[in-house]
1. Give the accessible surface of region 306-434 per residue, rounded to a whole number of Å², with probe radius 1.4 Å and ligands, DNA and RNA excluded.
2. With r defined as the distance between the Cβ atoms of residue 78 and residue 44 and R0 fixed at 30 Å, what FRET efficiency is calculated, to the nearest 0.05?
3. For the pair residue 405 and residue 466, how long in nm is the line joining their label points, each one 7 Å along Cα→Cβ?
4. Using modelled backbone amide H atoms (1.01 Å from N, in-plane), which distant-in-sequence or interchain residues come within less than 5 Å of residue 350's amide H?
5. Dipole size in debye (nearest 20) for region 137-260 around its Cα centre, Lys and Arg Cβ +1, Asp and Glu Cβ -1?
6. On a 1.4 Å probe surface of the protein chains, which of 82, 5 comes out largest in accessible area, and what is the full order?
7. What is the Cα radius of gyration of region 63-152 over 2.2 N^0.38 Å, N being its residue count?
8. If amide hydrogens are placed 1.01 Å from N in the peptide plane, which non-local residues have theirs closer than 5 Å to the one on residue 454?
Amino acid sequence: MWYVSTRGIAPRVNFEGALFSGYAPDGGLFMPEELPQLDRKTLCQWSTLSYPGLVKELCALFIGSELIPKDELNDLIDRAFSRFRHREVVHLSRLRNGLNVLELWHGVTYAFKDLSLSCTAQFLQYFLEKREKHVTVVVGTSGDTGSAAIESVQGAKNMDIIVLLPKGHCTKIQELQMTTVLKENVHVFGVEGNSDELDEPIKTVFADVAFVKKHNLMSLNSINWSRVLVQMAHHFFAYFQCMPSLDTHPLPLVEVVVPTGAAGNLAAGYIAQKIGLPVRLVVAVNGNDIIHRTVQQGDFSLSEAVKSTLASAMDIQVPYNMERVFWLLSGSDSQVTRALMEQFERTQSVNLPKELHSKLSEAVTSVSVSDEAITQTMGRCWDENQYLLCPHSAVAVNYHYQQMDRQQPSTPRCCLAPASAAKFPEAVLAAGLTPETPAEIVALEHKETRCTPMRRGDNWMLMLRDTIEDLSRRWRSHALNTSR
């Protein structure tokens, strides 16, 4: 399986190359050169698999046994999911009035990112040990990515991780999940800015190809192909759990409602659709509605500013993974994709060509949900089911309620729930409900914290480069000492 850049200039790479790259050298994102096609027989065979079983099958398809033999791949995935709290890893809650909520948050940090990052960290460690190499992972976070990335690599001997978090823009619990990890290979910076602002120094550092190469830098943000690959399993699992029967011709449709920020789960769902899964995708966003405007009007442009909402992990303006969707919609046309994305980077505004826009609106339905609608949805779900939704899950469930209230005859529908309500007590209180806080989260309050400030007026890029250079020096001297 080979991977090519959506912008068409970078040389193709195998899975290992895509895993360690994040962005391709030409600024694009890696995608499989050819997508496999799953027939009805394969879907029927997969329909009884557990969530980890689906991850194993999908990873085997997209990695290749010459890179990771199947037995070893299965072991890595079992190890990745060994610390999840639910025996199924991912669990479907069937609630009243046809509401299906797929809980993706049973990992250590109570967010869906634990699923893909725990696997990604295992793949990284596998190749690093084989090659006797070290990497420094650099992550910008709006809340959940940082804690899940830290959790997945903390204590790993071949990896250091640097996380930039936006001080005051993520919840107290999210911040504590990052700043209370005191392992030597974890380095957290609290930035006086929002998550789009803290991405700037990271992008600038990654644009210096020689520096990236010299210090073995990589990103675990949602652009990493490995994360998108694992997230495809959400859609397969949702489909098999919610489809009425596999005996009909053609196979029945299931609607999957995807709450999204950077569009990683959406890209994963669209790829799943392209390889043969009969899902209809609905993308649900908060007041930061760039994807909604793109689907509805073809208007892929930044708003004046990021709005702070109750669904804070989705408070971003640049949904990176839309580049993957555009590339697929254009028939893998890297020239079209490159022109679009370069114009967007230059002017922060693009009107999609007519043909591309009509293909997008055929492939995806969208909805934008206000804070008021989020709290109403959380309240209604509690009243009807005694079930607490996190604000991001409520963005998806709001769409379900809208459809139900119109009493449209509906295909089965599954709402993805990216995080536990336990992480967002502020939003639960705003909905007039009582937060339920697990003991592990309460315990964070009493732990020692470590976080280096990046203040307005500091040179964030220089601080980042200096930290990276220092970690490289330490690794080199450690490698020298152990080889003596």
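The values are calculated or read from the model by the stated rules, or taken from the named source; none is laboratory data. Predicted model only: the values in this text are computed from it and were never measured. So basically every Cβ, Gly included, is an ideal-geometry build from the backbone, and we count neighbours across all protein chains shown. The accessibility values were calculated without ligands, DNA or RNA, using every heavy atom of the protein model including side chains. Shrake-Rupley method; radii C 1.70, N 1.55, O 1.52, S 1.80 Å.
1. On the way: 5290 Å² over 129 residues.
Here the residues of region 306-434 average 41 Å² of exposed surface.
2. E(calc), rounded to 0.05, equals 0.75.
3. The answer from the label model is 5.4 nm.
4. Sorted by chain and number, the residues that satisfy this are 300, 301.
5. On the way: 8 positive and 13 negative charges, 77 e Å.
So the dipole magnitude of region 137-260 works out to roughly 380 debye.
6. Correct descending sequence by accessible area is 82, 5.
7. 1.27
8. 190, 191, 192
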